[in-house]
Structure formats: structure tokens, C-alpha cells
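Each remark here refers to the structure printed beneath this line.
Quick note: the coordinates plus some simple rules give every number you see, no bench work behind them. Predicted model, so just to flag it, every value in this text is computed and none were measured. As a convention, Cβ positions derive from the backbone with ideal geometry for all residues, glycine included, and neighbour counts pool all protein chains shown.
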Amino acid sequence: MQLNGLGFYPACFYPALRIALLLTAIVPVTSGACLGKSPNIVFVLTDDQAPWAMGWAVKEGQYVGVPPAVTPNMDRLAREGMTFTNFFCTTPVCSPSRASLATGRYASEWGIDDFIPMPGHILFDARHQVALDPAASTTFAEVLQSAGYYTGLVGKWHLGDWTFAGNEKFHPTNQGFDYFMGLYSGGTTPDDPVLEKDGKEQKFAGLTTDILTDHAIQFIEDSQQQSDPFLLCLHTRAPHGRWLPVAPEDWEPYEQLDPEIPNPDYPDLNVKKVKRDMREYLASTSGVDRNLGRVLDKLDELDIADDTIVIFTSDHGYNMGHNGIVHKGNGIWATRTKPPGEFHHGTRVISDKYRPNMYDLSLKVPAIIRWPGVTSPGSVTDNTVTSLDLYPTLLTMAGVQPPEDLIIRGRDLTEMLSGKTVNDWDQDYFGQYSMIHYAVATMRCYRTPRYKLIRDFHNAGRDEFFDLESDPAESNNLIDDPDPQIQHVIARLHEKLLARMEEIKDPALDQFAH
């Protein structure tokens, strides 16, 4: 679905006139603001959390070959809300994924291909900076802010550097947030971090996840002094690596664990390292869970849980030895040496360290929405949903219509959340990743519930096709299978992939044409 609205204004309109136009363009819908105070919204976005890194998912048999994470609060949220078992990000790395979440559009539409190197990163180049430009984009936070929400972001933004003179416009407070406290760059340490507070970089003592949650809770408490509803975006740094240190109670469940790992017999897999990483990764995830519990408890303590929607998800997934790699879309080989031969599962190897990929475990994320009075406790949907769908859903939840000419690629989930069967729901998925850091790959993916086609428009011999029904682990590349039926499906998905690329004016079409 596309909704039309604000369009794009030159920088001279930014910020005052543009916000004024937003205020005149936004109209509350009858189901929300006209009938009383709109609901509060707490949006928790974790970093690098795999869909299997949630105890509920493993206990329910969604994933095998991994130990269940100790996540009682995520599990509680699943019992109290709706869980999505096929929830996909649009790009399996940080910045592009976050751009899509914030704007409801593909990251390629904003020129954000890969993660954005920030000051201090080896790849940072002050002469060629990439950022989400507030003069062109409209975040969901901007729309809600203009409709009367008190908005706050605590944690990671990673959509551009605002610390250089002239870059102030990239600050989150210029993109819909009344309050910001968190990472001024794309990452920080798991303890004693340098964070921005009150517009200044400061060093804090303690565990980063705990510190961010402290300030998120403070924002919730402060919001109670206002009559407006609040939007809190809590973007954790964890479980992004480095994973340790963590609190003793987060490490205790894994201290003596000999963890099960996927693909332990993968040729030359560094099993010892993968097992160590698995324990540390899950401990970091448990730290996120403990702090999620603190937020949920605060909502209960303030007696506002029934008036507050809680959304829990992550920016992209993660692999831990799956198919011989660790990490996400810019996967890193977990083998002791370069994988043998020129091909990996029928796909050309382009790096002895990195394995660019669009595996499901890189694209899928955990996702739970608790909407009191709307979502049925313990409900589960296997519909194909993407992070693009959260933008229109948030607006409907808040009782706000978007500006008329605003392009939104996602679809409203509210009927699904209320338990209604949406018979015409399109179960296909389109994703993209143009890896430009460390290795080069221009990947586009078209997926149905059964089949998955991945094209690399930059590297010959890198295309992939999987039958997910017979090969859910994506270990058997059928792209060159001579079976006419398989080639027919590949051709059909290829046409759908190109149609989606044309719809969004994907720049990778130029590479395909040449």
C-alpha cells in the first residue's frame, strides 16, 4: 500500500516551515485522538538480535540446533501480546535497516547502502558522509511529534554523524524526537560508555544496557508530568558485539553451559570459538531481557501498562555458525581457514573473510507487539511481515493519518493485530543489500513462503535459489539446477524482483542493465 503526502522539500524549508506544513497536513482519525488520549508507545529495538535468540522461539520449536536463551521478559511479552514468526528487516545490516524502520521506505531510496562509518571508525571519511537527510525524509517520530506526542529516543540512531560543524541537522532532535540520550556514533563499549546527554558527550560508569534503560525509565517517569501521550524509542546497543562484560545474573545461566551450536560438523568450523561466542552472545541478550523487564515493571508501577503499546524487535538477525558463518548480512567465516574451493554451497566465494549473504537468519528478527485491548494474549502469526509495516501501523495506533503525499511502502498491521484474518495479505518479500564495506556485493532478494531467489548484480556466480520447504537451512543452492520446473520458478521470481526494483527506482537496476 502507498499513502500519499508530504513529499520532499528543499533544505530552505527546514525546519520551521516544514514542521508547520506537517501540523496542517496531519489529521487525527476517529478511532484515536478524537475520542480521547492516544496510547503511549514504547518501541524497543535491539541490535543484532537473531530470531532464535529468544527463549520462547526455541521452546516453541521455531528453531533447533541452538540453546534456548534465558529471556523471561521477552517470553512474558510473547504470552501477553502477538508474536510474529516471519518478521523480516529490509537490509541485514544496521544503518539501512534503521532507515527503513524510521521512514517506511527502502534504504536505497535514501542512498544508504551499508552501515554508516562514524567518527573513529577505520572507514570513516569526513569528505563523503552518508546520512538520513531530515530535509527529504519524514520519520514516524516526526509525524507523531507533530500530532502531539512527547517523543524520546534513548540509545542508538546510526543514521548519520551530527558532530561536525554544519551537520547539526542530522541530530535525532531534528528528526522527530523531543529528547535524545544515547550513542553519538554507531557503536560503543558494553561498559563505561561515552554517550550523549543534554547535547554533550559524557563518559558513564556501568553497563551500557543498564545505563540506557535508566534513562529510558526516567523519560517514562518525566512523561507523566505532561498531558500528552509519549513515544519512547529504546534502541539498545546489545547484543551487538563486543558482548562482555555483562551483569553476573546475566552470565550465570551460561557460565557452565556447553552450548549446542548449529552445523557443528561444518568443514573446518572453529567449534571452540563458536561455542564461546554463543555463550557470550546469549548472556548479552539476557542483559537486554533483564532491562526489558525493568521497563515493563515501570509501566506496571505507574499504572499505565493498559494505556501503553509495547513493540519489541531488532534491526536485523544474526548467524552463529550457521552455514559456516557468524555475524549478519556482512557475514564472517567461522572456519579456521578459507572455505575449501572456489564455491560455497554452489555460490562463488568472493572473500576469504566475509560472506555477504541474505540468509533468512540474517533477515529475520524477533518481533512482539503487546497492544492492550487489541492483541489477544499469546497470539501468534506466521504471516510475512517486514519492518516497513511498522510505520503505517504506528500511525494508525496513534490515531493519526499521514500527510497525503507521503510515500509509505509498508502495510498497516492493525487488522492482523486485532486477530482478523487478512485474506489478501501478500506473503512475498523483497529485500536488498549493497555491501560496499570490506567486500562488494549488490544483492537483491525475492522470497515467497516456499522459494527464495537472491541475485548479486555485481559478482558473477553469486546468484542463489533455495527451496525453503525442503531446505530451510539454505544449504543447497539450486540456481543451476536443470530441472525445468525449478528454472520456471526462478524466472518467475526474477520478474517479480525486477518489478519491485523498478517500483522503488532501485539504483542496482543500472548494474543489472550493464
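Observations on the structure shown:
- The share of Cα pairs per 5 Å bin across the range 229-306, counted from zero up to the longest distance, runs 3, 14, 19, 17, 14, 12, 9, 6, 4, 2, 1 percent.
- Cut-off 15 Å between beta-carbons: net charge of the residues surrounding V374, Lys and Arg +1, Asp and Glu -1: -3
- The chain, helix-only ellipticity at 222 nm - DSSP H runs n ≥ 4, -39,500 (n - 2.57), divided by all residues, nearest 500: -7500 deg cm²/dmol
- Sorting M278, M435 by the number of Cβ atoms found within 10 Å of their own Cβ, with the fewest placed first, yields M278, M435.
- Taking the range 59-155 and dividing mean pair separation by its residue count, relative contact order in percent (alpha carbons under 8 Å, at least six apart): 17
- Largest-first principal axis extents, alpha carbons of the range 350-430, Å: 51, 36, 23
- 5 angstrom amide H check on R348, placed H, neighbours 5+ away: R462
- Rounded to the nearest whole Hz, the Karplus-based 3J(HN,Hα) values (6.51 cos²θ - 1.76 cosθ + 1.60, θ = phi - 60°) of the range 350-360 follow the sequence 10, 8, 7, 10, 9, 10, x, 7, 10, 4, 4, with x at glycine and proline.
- Scanning residues 5 or more positions from S434 or on other chains, those with amide H under 5 Å from its amide H are M443, with H placed 1.01 Å from N in the peptide plane.
- Entry note: the range 461-501 has Rg to Rh equal to 0.98, where both radii use alpha-carbon atoms and Rh is the Kirkwood radius.
- Ranked packing of 371-383, 311-323, 223-235, most packed first, by mean Cβ within 10 Å: 311-323, 223-235, 371-383
- Ordering W157, W333 from the fewest to the most neighbouring beta carbons within 10 Å gives W333, W157.
- Packing around the peptides 63-75, 166-178, 259-271, taken as the average count of other Cβ atoms within 10 Å per residue, puts them in this order, highest first: 63-75, 166-178, 259-271.
- Note on the range 382-478: Rg/Rh from C-alpha atoms, Kirkwood Rh, equals 1.07.
- Average projected area [Cα convex hull, the range 268-394], square nanometres: 10.1
- Over all orientations, the chain has a Cα convex hull whose mean projected area works out to 23.2 square nanometres.
- Per residue, the convex hull spanned by the Cα atoms of the range 437-514 measures out at 114 cubic angstrom.
- Cβ-to-Cβ counts within 10 Å put F512, F466 in ascending order as F512, F466, the fewest first.
- Here the scattering of the range 32-173 is modelled by Debye summation over its C-alpha atoms, one equal scatterer each and no solvent; at q = 0.18 Å⁻¹ the log10 of I(q)/I(0) is -1.15.
- Cubic angstrom per residue, convex hull over Cα atoms of the range 180-311: 138
- Just so you know, the Rg over Rh for the range 205-251 is 1.10, from Cα atoms, with Rh as the Kirkwood radius.
- Test item: Cα-centred dipole of the chain, Lys/Arg +1 and Asp/Glu -1 on Cβ, debye: 640
- Share, in percent, of DSSP beta bridges within the chain that are antiparallel, nearest 5: 60
- Dividing the mean sequence gap of close Cα pairs (under 8 Å, 6+ apart) by how many residues the chain holds gives a relative contact order of 24 percent.
- Summary of packing: across the peptides 351-361, 295-305, the per-residue average of other C-beta atoms within 10 Å ranks them, highest first, as 351-361, 295-305.
- Amide H contacts under 5 Å for S314, placed H, 5+ residues apart: T46
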